[in-house]
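As structure tokens, the structure follows; a few thoughts come after it.
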Amino acid sequence: MSAKSTIPNPLAQPRQRAVSKRSLATSLNILDAAERLFAERGYDGASVRDIAAAAGAQIASVSFHHGSKEALFERVVERRASALSKMRLDALAARKTTNQPLTLEAVLSAFLRPYLEKAGAGDPQWLAYARLVAMVSADARWHAISERCFDPTAGSFIAEIGRLFPDADKTTISVAFVFSVSAMLSLSTSRWRIEALSAASENPAAMDRLADDLVRFCEAGMRAALNG
């Protein structure tokens, strides 16, 4: 044959188009808008139409990029969970590399501080996410999301605490750990309440100081529970 055949190969994989920057921006805007509205109004109170409007997108774009409303909610929760998990596990690993023995304070600090630093930095999206996690943690219908996104990391920290308190049973450790997580969520979402109650104080508490107080509070409560 004098010319190369142009008959298409039926086994060849179809060429996929690269996702455009505009499409990626739209997808991210939808996630950000959904994060804020779900945090403000709850799952039931935030409509897909309102999310699209807040994102500056067409309503059809929501389902195109993220599927159903429930799928969008799950994506919103998941996208920061992996980053938060990495920060916590990295903080724990860094504590282990020091010459100092691992303590309960160090384990709790590695878990609590990354979240508080993000929620307390003033980023409105992380503030919204803090409220969203509190909502997910309190609503049984999102049990599967919590189990998938947060339980593996929580399990790693519970195991570390178990090694520090070998005589404590896992249920007692888990209860004390959940109490600590609840205190963390309360601080990150209700800092305004602290400011309101201490309005007459000349020394308003900064987030780093509040984080110190929270770690000490959780350590003392957990130690009392486990030793008891």
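The values are calculated or read from the model by the stated rules, or taken from the named source; none is laboratory data. In this text the structure is predicted, and so the values were computed from the model without any measurement. Here Cβ is always computed from backbone atoms with ideal geometry, including for glycine, and neighbour counts include all displayed protein chains.
For segment 73-91, name all the residues that are touching a Cys at 6+ places or on another chain (Cβ under 8 Å) and more than 26 Å from Leu104 (Cα to Cα).
Within segment 73-91, Val77, Glu78 meet the criteria.
Output yes when any residue across segment 93-111 is closer than 17 Å to Ile161 by Cβ, of a type in the set (Phe, Trp, Tyr) and modelled with pLDDT of 90 or more, and no when none is.
Yes, the conditions are met somewhere in segment 93-111.
If a residue has to be under 17 Å from the mean Cα position of the chain (by Cα) and surrounded by 14 or more Cβ atoms within 10 Å (Cβ to Cβ) to count, how many in segment 45-91 make the cut?
15
Answer with yes or no whether Leu132 is touching a helix residue (DSSP H, G or I) at 6+ places or on another chain (Cβ under 8 Å) and farther than 14 Å from Val77 by Cβ.
Numbers: touching a helix residue (DSSP H, G or I) at 6+ places or on another chain (Cβ under 8 Å): yes; farther than 14 Å from Val77 by Cβ: no.
No.
For segment 154-168, which positions are assigned to a loop (DSSP other than H, G, I, E, B) and among the small types (Gly, Ala, Ser)? Before you say what the answer is, go through the steps one by one.
In the first step, residues of segment 154-168 are kept if they are assigned to a loop (DSSP other than H, G, I, E, B); the result is 165-168.
Matches in segment 154-168: Ala168 only.
When you check Val133 against the structure, is it within 17 Å of the chain's Cα centre (by Cα), surrounded by 17 or more Cβ atoms within 10 Å (Cβ to Cβ) and part of a helix (DSSP H, G or I), yes or no? Before the answer, list the steps.
Details: within 17 Å of the chain's Cα centre (by Cα): yes; surrounded by 17 or more Cβ atoms within 10 Å (Cβ to Cβ): yes; part of a helix (DSSP H, G or I): yes.
Yes.
Which of the residues that make up segment 210-228 are within 10 Å of Ala168 (Cβ to Cβ) and hydrophobic (A, V, I, L, M, F, W, C)?
The answer is Met222, Ala225, Leu226.
Do any helices (runs of 4 or more DSSP H) entirely within segment 23-126 hold 1 or more residues that are touching a residue at least 24 places away in the same chain (Cβ under 8 Å) and closer than 20 Å to Glu147 by Cα, and if so, which?
Numbers: elements: 48-55, 59-66, 69-96, 104-119.
By residue number, 69-96, 104-119.
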